[in-house]
Amino acid sequence: MAITAGMVKELREMTGAGMMDCKKALTETNGDMEAAVDYLRKKGQASAQKRAGKIAAEGLVTFKIADDCKSAAIVEVNSETDFVAKNEIFREFVNDVAEQALHTQAADLDAFLAEKWEKNPEITVNDALVEKIALSHENLKIRRFEKICTEGYIGGYIHGGGRIGVLVELDAPNDGEEVRDAAKNVAMQVAALNAQFISREDVSEEHLAHEREILMEKAMQEANGKPANIVAKMVEGRLSKELKDICLLDQIYFRDNEQTVGKYLKSVAQAVGGPVVVKKYIRFETGEGIEKKQEDFAAEVAAQMKQ
């Protein structure tokens, strides 16, 4: 059967695969469109297996917030290179993953990957991922997702085109403009300064004891004969300063260095007629914790040219 340009175009629109891949699939299946789709999916599975060992530490973070701002999901999807991460098809896929995560009931990533893909219920989320691996010729990975559901208000912020994403849950008397602005401002604060805790009350005794031990050892080295009570005050002073850096409400507010985040939220509370409380935040940074492989880019290009 003769393979026409129209057939190639139709298959490409159905699958997003490259033109030459579509032509080959149609040739191998004698023009059977459904069989060609299966051919490309099987090829995708093979590509996924071949590329599984490649380190995927680039990629994107994004989120979806429901229209009523009562639920939201944030996801990180990784690629091998920044080139693929900037590709519009990849970005669209990450947005679709976030939309899926917003609606999912999955308790963990394995269950999420196994559920039906909303964009095409005949395949799973993992199948959709495999198809994108075939298109990009890179190892792609849905690394993580997290959801928030609340009776309060959820806002968010994306930094660096998807390098960092933050969701913030606020408990507030309403969801007016002041509260919406506050949620975004707090999300920007978290993106920039990466607080470890919301407030000092959230810091565990174990963490405090560990930090005191480290600070005490350093203070003893600098004591120069100072009395023990003076050394103890030095340690507590330094610990307090450290907590101001790692506790969100104690941090200097990035928009006004004359006040803390806590004081800023109190000013918002006065404006909206009730307490505005940070209940939770989630911060994803692309590739955090992944050891990136150092590549010789020139050698890699030369190797690909030989293939």
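Assorted remarks:
- Some residue of segment 202-215 being within 30 Å of PRO173 (Cα to Cα), open to solvent by 50 Å² or more (accessible area, probe 1.4 Å) and assigned to a helix (DSSP H, G or I): yes
- Subset of segment 56-87 [over 21 Å from HIS137 (Cβ atoms) and among the aliphatic types (A, V, I, L, M)]: VAL61, ILE65, ALA66, ALA72, ALA73, ILE74, VAL75
- Any hit, segment 174-189, residues being within 16 Å of VAL277 (Cβ to Cβ), surrounded by 16 or more Cβ atoms within 10 Å (Cβ to Cβ), at pLDDT below 95 and touching a Phe, Trp or Tyr at 6+ places or on another chain (Cβ under 7 Å): yes
- Remark: pairs (first residue in segment 267-284, closer than 16 Å to LYS184 by Cβ and assigned to a helix (DSSP H, G or I); second residue small (Gly, Ala, Ser) and open to solvent by less than 40 Å² (accessible area, probe 1.4 Å); Cβ separation under 7 Å; 6+ apart in sequence or on different chains) = VAL268/ALA182; VAL272/ALA172; VAL272/GLY176.
- Check on GLU122, out of contact with any Leu (no Cβ under 8 Å at 6 or more places or on another chain), open to solvent by 60 Å² or more (accessible area, probe 1.4 Å), within 30 Å of LYS70 (Cα to Cα) and modelled with pLDDT of 95 or more: no
- If you go through segment 153-173 and keep only what is surrounded by 18 or more Cβ atoms within 10 Å (Cβ to Cβ) and either at positive phi or over 14 Å from the mean Cα position of the chain (by Cα) (or both), you end up with TYR153, ILE154, GLY155, GLY162, GLU169, LEU170, ALA172.
- Hits in segment 60-87 - residues which are over 17 Å from ASN126 (Cα atoms), modelled with pLDDT of 90 or more and not in a loop (DSSP other than H, G, I, E, B): LEU60, VAL61, THR62, PHE63, LYS64, ILE65, SER71, ALA72, ALA73, ILE74
- Selection within segment 220-244 - surrounded by 13 or more Cβ atoms within 10 Å (Cβ to Cβ) and under 30 Å from ALA172 (Cα atoms): GLU242, LEU243, LYS244
- Of all residues in segment 245-258 being in a loop (DSSP other than H, G, I, E, B) and open to solvent by 40 Å² or more (accessible area, probe 1.4 Å), the one that is nearest to ALA195 (Cα to Cα): PHE254
- Test result for GLN196, among the polar types (S, T, N, Q), without any contact (Cβ under 8 Å) to a residue 24 or more places away in the chain and open to solvent by 90 Å² or more (accessible area, probe 1.4 Å): no
- Only listed residue being farther than 14 Å from ILE154 by Cβ, part of a helix (DSSP H, G or I) and of a type in the set (A, V, I, L, M), chosen from ALA191, ALA187, ALA182, ALA195: ALA191
- Taken over segment 87-109, the residue count meeting the criterion of being farther than 13 Å from ALA128 by Cβ, without any contact (Cβ under 8 Å) to a residue 12 or more places away in the chain and open to solvent by 50 Å² or more (accessible area, probe 1.4 Å) is 4.
The values are calculated or read from the model by the stated rules, or taken from the named source; none is laboratory data. Everything quoted here is computed from the prediction, not taken from an experiment. Neighbour counts run over all protein chains shown; Cβ positions are idealised from the backbone, glycine included. Note: areas computed on protein heavy atoms with side chains; ligands, DNA, RNA excluded. Shrake-Rupley method; radii C 1.70, N 1.55, O 1.52, S 1.80 Å.
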